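A short write-up of the structure that comes next.
The values are calculated or read from the model by the stated rules, or taken from the named source; none is laboratory data. For clarity, every value in this text was computed on a predicted model and none was experimentally measured. For neighbour counting, all protein chains shown are included, and Cβ atoms are generated from backbone atoms with ideal geometry for every residue, glycine included.
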Amino acid sequence: MIKNPLDKIKETEDKAKKSLEQAEVGAQEKVGAFQNEVEKEYLIIEKVAQERKEQATAEASKKIEVLNEEKTKEIVEKVAEVEKKSAQNMDACVDYIVGEFIKN
C-alpha cells in the first residue's frame, strides 16, 4: 500500500522535529555538564588562590616580624651605645669641672 505523499511529508517532518528536540535536549545536557565542570574548576582555582594568598600573607607577616625584631635589636644597641657615650661624656665633664675647681 502506497501512502499519501502528504502523509509521508508529515511523517518525515515529525521525525525531523523529534530528532531536533532530542538533539536540543542532548545539547542542553552537554552544556549543563560543561557548566558544572567549569564551576568545579573555578572552585578549585579559587581555593588554590585563597590558599596561596593565605600562605603569602603568612610569609610576609613572618618576614615583617623578623625585620621588626632586627630593627628593634639594632635600635636597642644604638640607644645603649648613645647612653654609654653620654655617661662617658658626663664623666669627662664632671672630671673637668672638678679639676677646674681644684685648680682654683
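Data table
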read-out	value
Candidates 6, 43 - the one that is modelled with pLDDT of 90 or more and not β-branched (Val, Ile, Thr)	43
Candidates 68, 36, 89 - the one that is among the polar types (S, T, N, Q), surrounded by 10 or more Cβ atoms within 10 Å (Cβ to Cβ), over 39 Å from the mean Cα position of the chain (by Cα) and assigned to a helix (DSSP H, G or I)	89
Lone qualifier among 60, 87 - being modelled with pLDDT of 95 or more and not hydroxyl-bearing (Ser, Thr, Tyr)	60
